[in-house]
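Below is one structure; the comments refer to it alone.
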Amino acid sequence: MNMQPTRRDLLRAGATAATLAASAPLVSASNLFAPSHPKTLITIYLRGGADWLNMLIPWKDRDYLAARPTLAIGEEQGVVPLDSKFALHPALRPLLPLWENKSFAPILCTGSPHGTRSHFDAQDFMERAAPGMRNIRSGWLNRYLTQTLGENESEFRALAMQPLLPRSMRGDFPAFAVPVGMNQKKSSTTLGQFEEFYGGDPMMMGSRNDEQVVQSGKMTIDTLRRYQEIVKQAGVRDAPEYPGGRFGDRMHTFATLIHAKCGFEVGALDYGGWDHHIQQGAEAGRHNQMLSVVSNGIAAFYKDLGSLSENVTLVVMTEFGRTVRENGNNGTDHGRASGMFVFGGGVRGGKTHGDWCGLESSALVDGRDLPVTTDFRDVMNAILEGTFDFEAEKGFFPEHKPGRLKLF
Amino acid sequence: MARTRLVALLLLLAMPSVASAQISVGEEELTDRERATHLLSRLSFGPRPGDLEALLEEGIDAWLDRQLAPVESPYIEDLLSRFESLGMTSAEVYDTFDLPEEEGESREERRARERIRRKPREEMLQASCMRVVHSPNVLEEVMVDFWRNHFNVSYTKGGPANYLLTSWDREVLRSHALGKFGDVLAATAKHPAMLHYLDNSSSRRPPSKQELAEIERDTRRRTGSRDQGEAAVQLALQRGLNENYARELLELHTLGVDNYYKQKDVVALAEVLTGWTYSGGRNGTWEFVFRNNMHQPGDKKLLGKRIRTDKDNGVVEGDRVLEILSEHKGTADFIALKICRALVSDEPPQDLLKKVAQVFKKSDGDIPKTIRAVVESKEFWSRDAYRAKFKTPWEFAMSALRITDSVTDDFSSVLRRLNEMSQPLYQCDDPTGWYDTAESWLDPGVMAFRWQFSLDLASGNLGGVSIPDEFWDAVPEHIPARLWQHHFTKLILPGGAGPRTRNALSSTTDSYLAETNLPEIRELGPQLVGLLLGSPEFQQQ
């Protein structure tokens, strides 16, 4: 017997919540939902294979300096030491206060047991937490949401701050892809026009092919209206300055949603463009600029949250790291292990986690790449456990029994 | 067998009295109207008004023959003649639109210079849209779009991309869209746009001992520093192989991910392709050039084969590899999969894939023959394939413009909307190109932008685009206002409308009629059309 809820069941569940919410003014919505999950998890995915070796830097390692004649970040480039072994790229300096108050835990050499250097496959395998397996269609975040179905009825439970869901959020649970950039006033009229069309009795489907489209449409209307009302209140709140641009805006919106106590539990944000095969730049240049956006966004986010910070976990990840040695074009090529940055209350911050094997050729994979010493799934498991007190059921990570990681 | 069926179909369609009869072998068979709808959904960006009837009249066979051997359309060429950059070589584009920075130029002058610099890209995007909406060679446009994604290059790469994509679109995509796969593959591998996009243009063999000694000596002499000399040597040692293109050539363009090749093949291919670059800059030709001095000498081993070099003309290695890849079974399988996914369904049946791969291989990668194999298959015409594909934002927007007979003098607004829907034309960062499956595009919440587009287009609020009077005037005078919905439904949803859509249309009609004694087509019409374009049925093809 299939115990998994079907999309139809989930839609009905959603429909009930939406109907209830529709009859109550927004102000009391938070009471209505009284989320039993005041905790939130935000995942930031740096797409393209970010060069972690230049983010969390073995700054005194001679092999590092020799491998990267033009890209190495040393004292001359303004490296920001965390301890005697590792330092941050100068553009990540805004994260230093979080390290100092022990709410920033960098994890070394995380990655996948699967050696693919293909962006598509690596992201796919990672977001579905099923390396090498092509028959798993759900994302790890979606599996969490599905396994804990019913614990949080809020329609804002899972949001991706972009017009398309990342793979990690795809699956049976209806996570919402926010159509960012949509003009608020206009969309209100639009939603009104299509409300009757897509709303109403979920049983009145057209052909089988239309079913998913109708469900998508329904969510658009129900969730978007209320989402826009919440976000409008952002102007009222006194927030710190976020970096300009999309990343900053979206971090700001996440903070707004958390302040609104509307049941927002899982968020995802993509930041692309990290595939620096040529002219990556060391302390200046593209990699540096992008790191600055990320660190300032995260710093502003936690400052904005204030006392709510301890309920919010944030994790930054990428599909793979890059080659230890720079290539012939002042860039780096696809590698293996990268790293992960975890932030938040409850995290054992102020120290690095994971194992470091050094950069001697013999320690490297194929003589060129950082070896993976912590399976990314173990980090995901630790994050879900530490944030939500969640125990993954058997098969949550297909063909894998997560190792224990003392992250929280 | 399939051929006989098609001929029978043609005969049936040619007889007007039987034209509306069902070809029923079982109730799963598509009606001829459905077949025509299906064909136009997959082999074009959707029908324009009248296309369905014209197809029923012409017959599928004749239509297909004509579309697989397109002739240049004077109408389109005329429409596009306003875009001066379209016919230019890359060098001409560069010389014309890249004006050098002047000393002490004002901010205004710099802005003007940048506006000029952006022109080739703007014209490229406008022309691409214009062709999709207006060209009678609809299948060619579908295939150009297919190869555009398969061999993805993007303006977002920056730099020279701005000048290179004009010739890429013309010489690579359009020249070969309905030709042979081997030819299009070879064309991509030697076009500066691809070599730049995937960083092959700067990939080179590591320097020899002699070269290093020269570098050390020259730098030491120039700077007077031994340290600097050594540093220069270190740097030169770092200059070398870039694997990016070699990997994607195997993974995305020919064999498919991790099929038949290993990491060592990627490296070997990267070595084969060293020296495959182009001559850029202010004095460059902006065309492919093979630089022997960048090329890694010696024979290579790739996919278990020995690739013999020619020490005076190392380019032959790459030519040979491209041949091997074009003829490889893995390539036939992969291209068959991609074409079937585009034309049939997101998960095409195995039998069909085998059949199509066979035809591809036997015909030496003949694209029209491969397409025919798909269109002649029973899988293509099965009810499982009918209306089974979800339109990508691009397909949605273009099909909406087509079915409303829209006249567009400026696609900028349309292009902006495509950005919002996460599918900016010619700006896909990922070398995989835009994906072709519902899974990639259909998420909860995506409908908002499509609805907005639909309403704006229908009500004349989509900048640069207008629905002509003829479209509204085409509603026959004798039809009462309460039945206008059927006229538009028949046109926009030839596959029929479900109960939800029908209800929405009725209810809109009723509300409108309750408020007026003199119904105006130009008042109610846009409301109905807006709803139809935003309907779940219109999102399918």
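The values are calculated or read from the model by the stated rules, or taken from the named source; none is laboratory data. Quick caveat, the model's predicted, so the values are computed rather than measured. For neighbour counting, all protein chains shown are included, and Cβ atoms are generated from backbone atoms with ideal geometry for every residue, glycine included. Areas reflect the complete protein model, heavy atoms only, side chains present, ligands, DNA and RNA absent. Shrake-Rupley method; radii C 1.70, N 1.55, O 1.52, S 1.80 Å.
For this structure, a couple of remarks:
- Among the residues of segment B:506-541, the ones that are free of Cβ contacts under 8 Å to residues at least 24 places away in the same chain and in a loop (DSSP other than H, G, I, E, B) come to 4 in all.
- Some residue of segment B:494-501 being part of a helix (DSSP H, G or I) and either farther than 22 Å from A:Gln215 by Cα or more than 9 Å from every other protein chain (Cβ to nearest Cβ) (or both): no
- Members of segment B:132-169 found to be within 12 Å of the chain's Cα centre (by Cα), assigned to a helix (DSSP H, G or I) and in contact (Cβ under 8 Å) with a residue 40 or more places away in the chain, listed by number: B:Val132, B:Leu139, B:Glu140, B:Glu141, B:Val142, B:Met143, B:Asp145, B:Phe146, B:Arg148, B:Asn149, B:His150, B:Asp169
- Yes/no for A:Ser216 being under 17 Å from A:Thr40 (Cβ atoms), more than 21 Å from the chain's Cα centre (by Cα) and of a type outside the set (Phe, Trp, Tyr): no
- For the residues B:Thr223, B:Thr254, B:Thr219, the requirement of being in contact with a Leu (Cβ under 6 Å, 6 or more places away or on another chain) and either touching a residue at least 40 places away in the same chain (Cβ under 8 Å) or among the hydroxyl-bearing types (Ser, Thr, Tyr) (or both) singles out B:Thr254.
- Residue within segment A:255-262 that is away from every other protein chain (no Cβ under 14 Å) and closer than 22 Å to A:Leu96 by Cβ present: yes
- Among helices (runs of 4 or more DSSP H) entirely within segment A:81-190, having at least 3 residues that are open to solvent by less than 10 Å² (accessible area, probe 1.4 Å) and either touching a Leu at 6+ places or on another chain (Cβ under 7 Å) or charged (D, E, K, R) (or both) singles out no element at all.
- Within segment B:417-437, the residues that satisfy the criterion of being at the interface with another protein chain (Cβ under 7 Å from one of its Cβ atoms) and out of contact with any Gly (no Cβ under 9 Å at 6 or more places or on another chain) are B:Met421, B:Ser422, B:Thr432.
- Answer residue from segment A:163-200, given it is facing chain B (nearest Cβ under 8 Å) and among the aromatic types (Phe, Trp, Tyr) and is farthest from A:Val214 (Cα to Cα) among those: A:Phe176
- Exclusive hit being at pLDDT 95 or above, more than 14 Å from chain B (Cβ to nearest Cβ) and touching a Gly at 6+ places or on another chain (Cβ under 6 Å), set A:Leu95, A:Leu88, A:Leu108: A:Leu108
- Breaking point among (1) more than 14 Å from every other protein chain (Cβ to nearest Cβ); (2) open to solvent by less than 10 Å² (accessible area, probe 1.4 Å); (3) within 14 Å of B:Ser279 (Cα to Cα), for B:Ala161: (1)
- Residue in segment A:380-394 that is open to solvent by less than 10 Å² (accessible area, probe 1.4 Å), of a type in the set (A, V, I, L, M), outside any loop (DSSP other than H, G, I, E, B) and touching a strand residue (DSSP E or B) at 6+ places or on another chain (Cβ under 7 Å) present: yes
- Scoring A:Gly335 on the criteria (1) touching a strand residue (DSSP E or B) at 6+ places or on another chain (Cβ under 7 Å); (2) surrounded by fewer than 22 Cβ atoms within 10 Å (Cβ to Cβ) leaves a single failure, condition (2).
- The residues on offer are B:Leu249, B:Leu269, B:Leu255, and the sole one that is more than 22 Å from A:Gly331 (Cβ to Cβ), open to solvent by less than 20 Å² (accessible area, probe 1.4 Å) and among the hydrophobic types (A, V, I, L, M, F, W, C) is B:Leu255.
- Among the numbered conditions (1) part of a strand (DSSP E or B); (2) surrounded by 24 or more Cβ atoms within 10 Å (Cβ to Cβ); (3) not aliphatic (A, V, I, L, M), the only one that A:Tyr271 does not meet is (2).
- If the condition is being farther than 21 Å from A:Asn183 by Cα and either open to solvent by less than 30 Å² (accessible area, probe 1.4 Å) or not in a loop (DSSP other than H, G, I, E, B) (or both), then segment B:408-429 contributes B:Thr408, B:Leu425, B:Tyr426, B:Cys428.
- Residue satisfying condition, being open to solvent by less than 20 Å² (accessible area, probe 1.4 Å) and in contact with a Gly (Cβ under 6 Å, 6 or more places away or on another chain), within set A:Gly248, A:Gly263: A:Gly248
- Residue that is over 16 Å from B:Ser466 (Cα atoms) and of a type in the set (D, E, K, R), where the choices are B:Asp405, B:Asp436, B:Asp409: B:Asp436
- Qualifying residue in segment A:183-199 (condition: closer than 27 Å to A:Asp124 by Cα, modelled with pLDDT under 85 and touching a helix residue (DSSP H, G or I) at 6+ places or on another chain (Cβ under 6 Å)): no
- Filtered by the rule that a residue be in contact (Cβ under 8 Å) with a residue 12 or more places away in the chain, open to solvent by 20 Å² or more (accessible area, probe 1.4 Å) and not β-branched (Val, Ile, Thr), segment B:233-242 gives B:Leu237, B:Arg239, B:Leu241.
- Checking B:Gly433 against (1) part of a loop (DSSP other than H, G, I, E, B); (2) out of contact with any His (no Cβ under 9 Å at 6 or more places or on another chain); (3) open to solvent by less than 20 Å² (accessible area, probe 1.4 Å), the condition it does not meet: (2)
- Which listed residue, of B:Ser466, B:Ser459, is surrounded by fewer than 19 Cβ atoms within 10 Å (Cβ to Cβ), within 12 Å of another protein chain (Cβ to nearest Cβ) and farther than 28 Å from B:Leu30 by Cβ: B:Ser459
- Any chance B:Gly445 is closer than 15 Å to B:Gly534 by Cα and outside any helix (DSSP H, G or I): yes
- Test for B:Ile116: is it open to solvent by less than 80 Å² (accessible area, probe 1.4 Å) and touching a residue at least 60 places away in the same chain (Cβ under 8 Å): no
- Screening B:Phe146, B:Phe83, B:Phe151, B:Phe97 for residues that are out of contact with any Gly (no Cβ under 8 Å at 6 or more places or on another chain), under 29 Å from B:Leu343 (Cα atoms), at pLDDT 95 or above and among the hydrophobic types (A, V, I, L, M, F, W, C) leaves exactly one candidate, B:Phe146.
- Qualifying residue in segment B:516-534 (condition: facing chain A (nearest Cβ under 10 Å), in contact with a Lys or Arg (Cβ under 8 Å, 6 or more places away or on another chain) and small (Gly, Ala, Ser)): yes
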